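K.L.:
The structure under discussion is supplied below as structure tokens; questions concerning it will follow.
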Amino acid sequence: MNPDSLSFLRQAYREYYFRHTDSIEFPNDIHTREFGYIPFGGGMVRHLSFRSGGEAIAEILKQSPSSVYCSNAKYESPGAPMEEKGWLGAELVFDIDATDIPTPCKRGHDLWYCKKCSSSGKLPSPRNCPKCGNQVSDFHGTCETCLSAAKDHAMRVVEFLTEDFGVQREAIKLYFSGNRGYHLHVWDDRFYHLNQLGRAEVADYVLGASLPLNQTITSTLKRRSPDKVASIEGWTGRIAKYVESKRPGYEGTLQKLVSDAISTQRAIVDSSVTTDIHRVFRLAGTLHGNTGMCKMPIESVDSFDSQKDPIVLSAKPVAIKVEFYPKFRVNGVDFGPFKTQMAELPTYAAVSILTRGLGEVA
Ligand SMILES: [Zn+2]
Ligand SMILES: [Zn+2]
């Protein structure tokens with residue numbers, strides 16, 4: 001990124017932070033949390049600690065970084081090196097990303113492209129650019145279908161937590177991640193001291209993974225009728241209900257029906273995120289470093305519009321030279337496609353092109 005692009009981004013983010021410090025949402029016990037940030041054009045700075053929200057905000061305003069992070073864990077000494085921090089516990093967190101969810105639209109908006117000659121094409125990518133021989137990169141686009149699939153999977157996690165784990169709905173907070181998915185934070189003390197293995201079990205459960213269940217349930221359903229099994233709690237009942245609803249006229253095997261029951265009801269979460277108890281997460285109310293969109297709490301799942309509500313940067317136009325960028329939609333407006341050309345774009349739309357290194361402020 002050239003110096004003009006860097007200072008443009010820094011300025012755009014700073015403007016947002018100056019006006020919206022109220023939107024930044026700190027978890028409880030700030031003084032026990034580890035903070036981190038990534039400056040524009042720099043590497044991750046971690047192991048920071050602040051005594052209050054005001055102190056943290058002052059630093060965010062000063063740095064106007066590309067990304068701001070905070071731990072879900074609490075520590076005795078959050079600013080110390082990892083092995084000396086003194087881990088006290090951590091909220092349970094889930095990350096649901098559209099990239100991990102197989103949606104048919106990906107064939108249309110996921111591409112490979114060549115930075116050198118601006119060629120592009122559908123995935124899978126060739127090893128080298130067929131036109132100039134340069135190395136190619138993958139481009140993962142996003143669309144309403146992908147984001148609504150991610151939302152659907154996030155709501156499945158909510159359902160597993162409330163129905164199978166007895167978590168109060170008010171204890172679960174859902175956030176738009178600022179890019180392609182959702183974060184789910186769970187404030188339930190029962191998970192607070194859970195170690196990595198315990199968290200992996202919870203993640204596996206919502207993923208419908210590690211189920212000896214598949215075979216067990218098949219043999220249970222062979223012995224007893226699905227309507228009797230349906231009253232059993234958890235996955236067993238869930239699968240039985242599905243089997244019961246699909247069985248009339250179904251010609252495949254019971255085993256296949258059971259696998260379908262799992263694959264259509266499981267929640268695709270990134271288990272490495274749930275399992276990592278020393279992680280830092282994007283702080284709610286701050287901007288995503290690649291999109292300029294806000295990580296924001298979702299009060300009403302039905303009315304939340306992931307392609308409009310998190311657009312918080314200004315519409316001030318900026319002239320950029322774009323090397324390559326496929327057609328995209330943001331804030332209800334279509335932009336592109338662009339190929340080695342000048343374009344004048346609203347700030348909120350220019351950010352993704354600049355941060356991906358596919359254009360520069362002219
Ligand atoms: Zn090329
Ligand atoms: Zn899509």
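The values are calculated or read from the model by the stated rules, or taken from the named source; none is laboratory data. Because the structure is a prediction, the values reported are computed rather than measured. Every residue, glycine as well, gets a Cβ built from its backbone with ideal geometry; the counts of neighbours run over all protein chains shown. These area figures cover heavy atoms from the full protein model, side chains too; ligands, DNA and RNA do not enter into them. Shrake-Rupley method; radii C 1.70, N 1.55, O 1.52, S 1.80 Å.
K.L.:
Determine which single condition T145 fails, assuming it passes every other condition in (1) open to solvent by less than 20 Å² (accessible area, probe 1.4 Å); (2) within 16 Å of ligand 2 (Cβ to nearest atom); (3) among the polar types (S, T, N, Q).
P.N.:
Looking at each condition in turn, T145 falls short on (1).
K.L.:
Against the condition free of Cβ contacts under 8 Å to residues at least 40 places away in the same chain and open to solvent by 10 Å² or more (accessible area, probe 1.4 Å), how does L221 come out, does it pass?
P.N.:
no
K.L.:
Can I ask one more? Answer with yes or no whether P297 is open to solvent by less than 50 Å² (accessible area, probe 1.4 Å) and closer than 25 Å to S67 by Cα.
P.N.:
Yes; evaluated as a whole, the condition is true for this residue.
K.L.:
Name the residue that is farthest from the chain's Cα centre (by Cα), counting only residues in segment 100-116 that are away from ligand 2 (no atom under 13 Å from the Cβ) and among the charged types (D, E, K, R).
P.N.:
K116
K.L.:
List the strands (runs of 3 or more DSSP E) that sit entirely inside segment 269-362 and contain at least 1 residues that are in contact (Cβ under 8 Å) with a residue 24 or more places away in the chain.
P.N.:
Here the list reads 280-282, 317-325, 328-330, 338-346, 359-361.
K.L.:
Looking at (1) touching a Cys at 6+ places or on another chain (Cβ under 9 Å); (2) closer than 22 Å to A349 by Cα; (3) hydrophobic (A, V, I, L, M, F, W, C), can you tell me which one F35 breaks?
P.N.:
(2)
K.L.:
While we're looking at this one, here's another question. Only residues in segment 141-168 that are under 26 Å from K122 (Cα atoms) count as the first member; pair them with residues that are more than 13 Å from ligand 2 (Cβ to nearest atom) and open to solvent by less than 60 Å² (accessible area, probe 1.4 Å), Cβ under 6 angstrom, at least 6 apart or cross-chain, and list the lot.
P.N.:
A150/I96; A150/Y182
K.L.:
Now for a different question. Can you name the residue in segment 227-246 that is open to solvent by 90 Å² or more (accessible area, probe 1.4 Å) and outside any helix (DSSP H, G or I) and, of all such residues, is farthest from F160 (Cα to Cα)?
P.N.:
Only one residue tops the list, namely S231.
K.L.:
Also, quick follow-up: Mind counting the residues in segment 166-222 that are over 17 Å from V301 (Cα atoms) and small (G, A, S)?
P.N.:
8
K.L.:
Restricting to segment 108-137, and then to whatever is surrounded by fewer than 17 Cβ atoms within 10 Å (Cβ to Cβ) and touching a Leu at 6+ places or on another chain (Cβ under 7 Å), can you tell me which residue is nearest to D97 (Cα to Cα)?
P.N.:
L123
K.L.:
Being open to solvent by less than 30 Å² (accessible area, probe 1.4 Å) and of a type in the set (K, R) is the filter here; which residues of segment 43-102 pass it?
P.N.:
Within segment 43-102, K74, K85 qualify.
K.L.:
Take the residues in segment 159-181 that are buried (at least 20 other Cβ atoms within 10 Å of the Cβ) and away from ligand 2 (no atom under 15 Å from the Cβ); name whichever of them is nearest to C294 (Cα to Cα).
P.N.:
Looking at residues that are buried (at least 20 other Cβ atoms within 10 Å of the Cβ) and away from ligand 2 (no atom under 15 Å from the Cβ), I get G178.
K.L.:
Which residue pairs have Cβ atoms under 7 Å apart, sit 6 or more places apart or on different chains, and have a first residue in segment 114-129 that is touching a residue at least 24 places away in the same chain (Cβ under 8 Å) and a second that is within 16 Å of ligand 2 (Cβ to nearest atom)?
P.N.:
S120/L111
K.L.:
Among residues belonging to segment 143-173 that are hydroxyl-bearing (S, T, Y) and out of contact with any Cys (no Cβ under 9 Å at 6 or more places or on another chain), point out the one that is farthest from ligand 1 (Cβ to nearest atom).
P.N.:
Ranking the candidates gives T162 first.
One line per residue, one yes/no per condition, for (1) within 19 Å of the chain's Cα centre (by Cα); (2) away from ligand 2 (no atom under 13 Å from the Cβ); (3) in a loop (DSSP other than H, G, I, E, B):
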{"residue": "D95", "(1), (2), (3)": "yes, yes, no"}
{"residue": "S118", "(1), (2), (3)": "no, yes, yes"}
{"residue": "G121", "(1), (2), (3)": "no, yes, no"}
{"residue": "P130", "(1), (2), (3)": "no, yes, yes"}
{"residue": "D138", "(1), (2), (3)": "yes, yes, no"}
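K.L.:
How about segment 2-39: which of its residues are in contact (Cβ under 8 Å) with a residue 40 or more places away in the chain, more than 15 Å from G54 (Cα to Cα) and in a loop (DSSP other than H, G, I, E, B)?
P.N.:
N2, E34
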